[in-house]
Amino acid sequence: MTELRNLPARLALAALAAAALALPAAAADMNKVIHHAFPAAETGFDPQGISDLYSGTVVQAIFETLLTYDYLARPSKLAPMAAEALPQVTDDGKTYTFKVRKGVYFTPDPAFKGQKRELVANDFAYSLKRLVDPRVRSPYAFLVEGKIVGLDEAAEAAKKSGRFDYDAKIAGLEIVDRHTLRIRLKATDYGLAYVLAHEPTSAVAREVVEAYADESGRVQSNPVGTGAYKLAKWVHSSKISLEANPDYRGFVWDFKAGSDPDDARIVREMKGRKMPQVGRIEISIMEEDQARLLAFQGGEIDLENMEGPLAPNVLDGGKLRPEFAAKGVKLSRFVDPEITYHFWNLQDPVVGGLSKDKIALRRAMAMSYNVGEEIKVVRNGQAVEAQYPIPPGVVGHEPAYRSSVRYDPAGANALLDKFGYRKGADGFRTLPDGKPLLIRYASRPDSLGRLQDEMWKKAFDSIAIRMEVQKDRFPELVKAEKECKLQMRTAAWIADYPDADNFMQLLYSKNIHQSNNACASIPEYDRLYEQSLRMPDSPARNKLYVEMAKLIEAYAPWRLDISRYRNMLAQPWVLGFKKHPILHAEWQYIDVGPKK
């Protein structure tokens, strides 16, 4: 996307980007169903309380942010959602003014006591406050911390009093009128618009939170939004059923074809349809790869991402195998704007710390791992090696950069020898003080997790380090890593928004217990990151990111691994589908025809 410094000059393009003509009622047909599968369980549906991809996908369908992305535009381009237009940006990028659409209503709920509840500017202000409420402990607090005038001070007051005062005025969240929100920032930030297109900034109603909040202040089981769908049924870790929201305003499909030749077909299929068309979304949790493949082949799943373990069954040389192409199956394939990395907990007594011997241990472990073999064996060629912490498709990516961390088990062994990790009588290394050295690698109990176990076991054997596997389900692993209780794990981060800041914040010390899974506190990295926040996209900012990438390699809180291909398959009867690199839930943009 072009730089946001030109936003005010481009307001005339907002209506085109939105491609959304409001309708008096949604057009969804309850007989039209999309069947989808998640490879891991969800954690809940509170926009300010979740951080995983699968929960976020459902949240995008139920709730609305001020901004979203044009469905077909590549690279990703911001467009209005609950806002009437892109924001008015003034005061050198420190003030953003939004007009919220009039006549948008929350799904009816007993919390509203029989009243029709309109979405207003204060709902967005309230939701931004929830991100920093100490009781909620949002994993996405970092999106607004240190940015909005008066918001940090309100959070500090809440820590002292034990209660966030949602009625207190905050200078940086001004309700100009019922439908106008003005956000004032402490410093220039041209990336705020991206943040306000990300689902943790979705509008929730205060009445709903006060009616259903659990002891943590979160509302994971009673999502009430203004989006195209509503939660109809939920069986945790098994089934999620969504139904079209009858009070949703709807829109006419009128997106413009981009440079992709397939866009023309999508426009022909969809142009002029009243949306959403699909009345129900049925999501199953299927952790085993083979089960998802069989379900897709049997027509039981309409959309499916064929990750590495599944890809050879469907793809040949990056294209559909003839038997799938002959059936009319459609493929949406690109390198995801994401990184997969292995992290070590820098607060752990064995692998953590910034002393030379601890850094040497982490660097040796990183050098023992063969990423090329993972791409071949585990991912079946459906990934590229990540050389830089900012992936392709994200502003700030450096395609020519090459990491200094390479597969080198001989060098890793020499490094361990140098820093006193000696081999004992059993052939395994000890800590420099002679105590046993054991690494606990945490992974999911599915086929991908088992393959990753084998890869790391092979790596650790090559440097004579004893490894133990810690198995747990995805939601439990996420919870443990946020509490800094895992020693080592493979993690992935897909772009919340297409700017480098979204990735470089992953090692910022103030984001520990949020997005900083390595629980890292590296002062030099923090200093550079804070400096980058004050800069727009520019060669000078990119230079800082290069310095930060080198610090990651030097201190080794991570072993940067891969960026995966997204191989999204759609059944022949699914119309208008194109996988978006940032949006997770495309359901309101597509249709379902008769099965042939």
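Quick check: from the Cα gyration tensor, does segment 281-389 come out rounded (a/c under 1.5), prolate or oblate?
Working: a/c = 3.28, a/b = 2.27, b/c = 1.45.
It is prolate, given that a/c is not under 1.5 and a/b is the larger ratio.
Hey, rough spin-label estimate for Lys596 and Tyr401, points 7 angstrom out along Cα→Cβ, what's it come to in nanometres?
Between Lys596 and Tyr401, the simple spin-label model gives 4.6 nm.
Please state, to two decimals, what the Cα-based radius of gyration of segment 328-443 comes to when divided by 2.2 N^0.38 Å (N = residues).
It is 1.32.
Looking at the square roots a ≥ b ≥ c of the eigenvalues of the Cα gyration tensor of segment 440-596, which shape do they give, rounded for a/c under 1.5, prolate if a/b is larger than b/c, or oblate? If you can, show how the numbers build up before the last one.
Values: a/c = 2.23, a/b = 1.20, b/c = 1.86.
Oblate, since a/c reaches 1.5 and b/c is not below a/b.
Might you report the magnitude of the Cβ-based charge dipole of the chain about its Cα centre, with Lys and Arg at +1 and Asp and Glu at -1, to the nearest 20 debye?
Values: 82 positive and 78 negative charges, 64 e Å.
Around 300 debye, computed over the chain.
What fraction of the Cα pairs in segment 36-75, stated in percent, has a spacing above 15 angstrom?
Above the 15 Å cut-off, segment 36-75 has 48 percent of its Cα pairs.
Provide His236, His342 in ascending order of the number of other Cβ atoms located within 10 Å of each residue's Cβ, fewest first.
Fewest-to-most ranking of His236, His342: His236, His342.
Could you tell me how many cubic angstrom of Cα convex hull volume the chain has per residue?
Given the Cα convex hull of the chain, per-residue volume reads 150 Å³.
About the Cα centre of segment 338-564, what is the dipole size in debye to 20, counting +1 per Lys and Arg Cβ and -1 per Asp and Glu Cβ, all else neutral?
520
Show the residues, 5+ positions off or on another chain, whose built amide H is closer than 5 Å to the amide H of Val335.
Arg566
Grab the beta carbon distance between Asp92 and Asp247, set R0 = 41 Å, and tell me the FRET efficiency rounded to 0.05.
Given R0 = 41 Å and the Cβ-Cβ separation, E is 0.55.
Restricting to DSSP H runs of at least four residues, report the calculated mean residue ellipticity at 222 nm for the chain, -39500 (n - 2.57) per run over all residues, nearest 500 deg cm²/dmol.
-7500 deg cm²/dmol
May I ask which of Lys239/Lys479; Lys233/Lys327; Lys99/Lys129; Lys230/Lys510; Lys186/Lys510; Lys482/Lys579 have a Cα-Cα span longer than 23 Å here?
Flagged as over cut-off: Lys233/Lys327; Lys230/Lys510; Lys482/Lys579.
When a/c is below 1.5 the answer is rounded, else prolate if a/b is larger than b/c, else oblate, so apply that to segment 257-336 with a ≥ b ≥ c taken from the square roots of the Cα gyration tensor eigenvalues.
The shape class here is oblate.
Measure nothing fancy, just the Cα-based angle from helix 523-533's long axis to the longest principal axis of the chain, in degrees from 0 to 90, nearest 10.
Approximately 30 degrees, to the nearest 10.
Above 19 angstrom, tally the Cα pairs of segment 107-187 and express them as a % of all pairs, no decimals.
The answer is 42 percent, as a whole percent.
Expressed as a rounded percentage, what relative contact order does the chain have, with Cα pairs under 8 Å and six or more residues apart?
Working: 1265 pairs, mean separation 116.6, N = 596.
Once divided by the residue count of the chain, the mean separation gives 20 percent.
Provide the three semi-axes, in whole Å and in decreasing order, of the ellipsoid equivalent to segment 338-564 as defined by the square roots of 5 times the Cα gyration tensor eigenvalues.
Details: eigenvalues 153, 76, 60 Å².
So the equivalent ellipsoid measures 28, 19, 17 Å along its semi-axes.
Just so you know, all these numbers are worked out from the coordinates, no wet-lab data involved. Model, not experiment: these values are computed from the prediction. Ideal geometry is used to build each Cβ from the backbone, glycine not excepted, and the neighbour counts take in all protein chains shown.
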